[in-house]
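The values are calculated or read from the model by the stated rules, or taken from the named source; none is laboratory data. In this text, all values refer to a predicted model and were calculated from it rather than measured experimentally. Here the Cβ positions follow ideal geometry from the backbone for every residue, glycine too, while neighbour counts run over all protein chains shown.
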Amino acid sequence: MTPQTARINEAAVAAFSRDVLNFPLFDRQAAIVSEIYSDGIREAILRTGRRSGKGRIAAVVATFEATVNADAHLAAVPPGERVSIVVVATSQQQARIVHRYVRKFLGAPALAPLVARDTDDEIELTNGIVIATVPAHAAAARGSASLSSSWTRPPGTRAATDRPWMRKRYTTPWRRRPRSSRNAAS
């Protein structure tokens, strides 16, 4: 998200979700969206429990950024360059689920005319924005100016703050036994 996004408040995103996408946010989801927009952050990693709505929140934010806030993103790149809003999921299957949510949201009467092309992994809009849904591996999002949003817990990470939905990440080290002790154990 760009500095211009910091001025967008959660009420605007919640209203967009409710009125345009016909998807009212639950209180917890609105709190997560509020936290994202209040800090003006560029990348969000949400680590919440199963079935907490991470995919739908990602789809709402991606749709909002690609439509309502598109001008701010397009102003940050040279004219004619494509901007990608990348939603990263833990697997290809999860990425496709989020893609279906975005596809459904962009099927709303007010947004349907914006869709120029729709494939299994990305939706290109007539305003020059592409929403890509990819699995979490390095090659998935290469080669595009992107607004990156990771919405699922990366493997081997733990959380360490009081905000359970917006936690800073530190990696649990994986320690390998020295070769000599592995051979001795056999």
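Quick notes
- Some residue of the stretch 48-68 being more than 20 Å from I123 (Cβ to Cβ), of a type in the set (K, R) and in a helix (DSSP H, G or I): no
- Residues satisfying the stated conditions in the stretch 13-36, i.e. surrounded by fewer than 16 Cβ atoms within 10 Å (Cβ to Cβ), touching a residue at least 24 places away in the same chain (Cβ under 8 Å) and part of a loop (DSSP other than H, G, I, E, B): N22, F26
- Hey, V77 outside any strand (DSSP E or B), at pLDDT 90 or above and either more than 24 Å from H137 (Cβ to Cβ) or touching a strand residue (DSSP E or B) at 6+ places or on another chain (Cβ under 6 Å) (or both) or not: no
- Checked against the criterion of being loosely packed, with under 14 Cβ neighbours inside 10 Å and closer than 17 Å to N22 by Cα, the candidates A108, A112 yield just one match: A112.
- Residues of the stretch 69-101 that are aliphatic (A, V, I, L, M) and under 23 Å from D120 (Cβ atoms): A70, V83, I85, V86, V87, V88, A89, A95, I97, V98.
- Check on A108, touching a helix residue (DSSP H, G or I) at 6+ places or on another chain (Cβ under 8 Å) and either outside any loop (DSSP other than H, G, I, E, B) or closer than 19 Å to K54 by Cα (or both): no
- Residue list for the stretch 9-24, filter: modelled with pLDDT under 90 and within 17 Å of the chain's Cα centre (by Cα): E10, V13, A14
- Of all the criteria given as (1) part of a loop (DSSP other than H, G, I, E, B); (2) closer than 18 Å to I129 by Cβ; (3) basic (K, R), the one not satisfied by R103 is (1).
- Close pairs (7 angstrom Cβ cut-off, 6 or more residues apart or separate chains): at negative phi in the stretch 83-94, among the acidic types (D, E) and crowded, with 23+ Cβ neighbours inside 10 Å anywhere: I85/E65
- The condition of being touching a strand residue (DSSP E or B) at 6+ places or on another chain (Cβ under 8 Å) and farther than 19 Å from F16 by Cα holds for only one of A44, A58, that being A44.
- T67 being at pLDDT 85 or above and either surrounded by fewer than 23 Cβ atoms within 10 Å (Cβ to Cβ) or among the β-branched types (V, I, T) (or both): yes
- Candidates I123, I97, filtered to the one that is modelled with pLDDT of 90 or more, outside any loop (DSSP other than H, G, I, E, B), farther than 16 Å from K54 by Cβ and in contact with a helix residue (DSSP H, G or I) (Cβ under 9 Å, 6 or more places away or on another chain): I123
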